[in-house]
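Down below is the structure, laid out as structure tokens.
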Amino acid sequence: MSSTYLVALGSNRCHHLYGRPREVVSAALEELSALGTVSARSPIISTDPLGPSQRRFANAVCVIESEYDPPAMLAGLKRLEQEFGRRRVRRWGERVLDCDIVLWSGGAWHDRALTIPHPEFRSRDFVLGPACAIAPDWRDPVGGLSLRQLHARLTRPVPLRA
């Protein structure tokens, strides 16, 4: 049975073969075809880092149709990170490549190694912005809102109080 995944990618370190973070994300988007059919790719955007990292990130999302179940997809993404030179040193530190499953066509998934939807995606413009470019109507299985609605909530201006 085929599943559809929304996968987020990010990089803020150069790679000896692929170059700068934007090129790393572009190369990784191509390599994801080893896990299934990449049916949509967002534009690659530049974003400020979270946490202790000082370098800006290149971020994108893609939609992948795959025969893999969520644990197998996660294993494939982690293998791709390692092939690109990812070393887990510290949380939110600099990285050559980071890949996360954001959503899955099967709804919610939870085990010791993986939670879908990604627990933080609703608060991350660097995920929701690109996701709206390619899958604005995909719905959060927990809250039922579309990616477009979640992004609008996240980015709407906060009214000033008198």
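The values are calculated or read from the model by the stated rules, or taken from the named source; none is laboratory data. Predicted, not measured: the structure shown is a model, and the values here were computed from it. Cβ placement follows ideal geometry from the backbone for every residue including glycine, while neighbour counts extend to all protein chains displayed. For the accessible areas, the whole protein counts, side chains as well, though only heavy atoms, and no ligand, DNA or RNA atoms are used. Shrake-Rupley method; radii C 1.70, N 1.55, O 1.52, S 1.80 Å.
Observations on the structure shown:
- Of residues in segment 58-73 being open to solvent by 30 Å² or more (accessible area, probe 1.4 Å) and touching a residue at least 40 places away in the same chain (Cβ under 8 Å), the one nearest to ALA113 (Cα to Cα): PRO71
- Flag if ARG41 is basic (Lys, Arg), buried (at least 19 other Cβ atoms within 10 Å of the Cβ), within 15 Å of the chain's Cα centre (by Cα) and modelled with pLDDT of 95 or more: yes
- Of all residues in segment 120-154, those that are under 20 Å from ASP98 (Cβ atoms), open to solvent by less than 50 Å² (accessible area, probe 1.4 Å) and among the acidic types (Asp, Glu) total 0.
- Residue in segment 145-156 that is part of a loop (DSSP other than H, G, I, E, B) and either in contact with a Lys or Arg (Cβ under 9 Å, 6 or more places away or on another chain) or within 22 Å of VAL25 (Cα to Cα) (or both) present: yes
- When GLY129 is tested against (1) at pLDDT 95 or above; (2) part of a loop (DSSP other than H, G, I, E, B), only condition (2) is not met.
- For segment 108-119, a residue qualifies if it is surrounded by 12 or more Cβ atoms within 10 Å (Cβ to Cβ) and part of a loop (DSSP other than H, G, I, E, B), and the qualifying residues are ALA108, LEU114, PRO117, HIS118.
- Lone unmet requirement of (1) on the phi > 0 side of the Ramachandran plot; (2) touching a residue at least 60 places away in the same chain (Cβ under 8 Å) for GLY107: (2)
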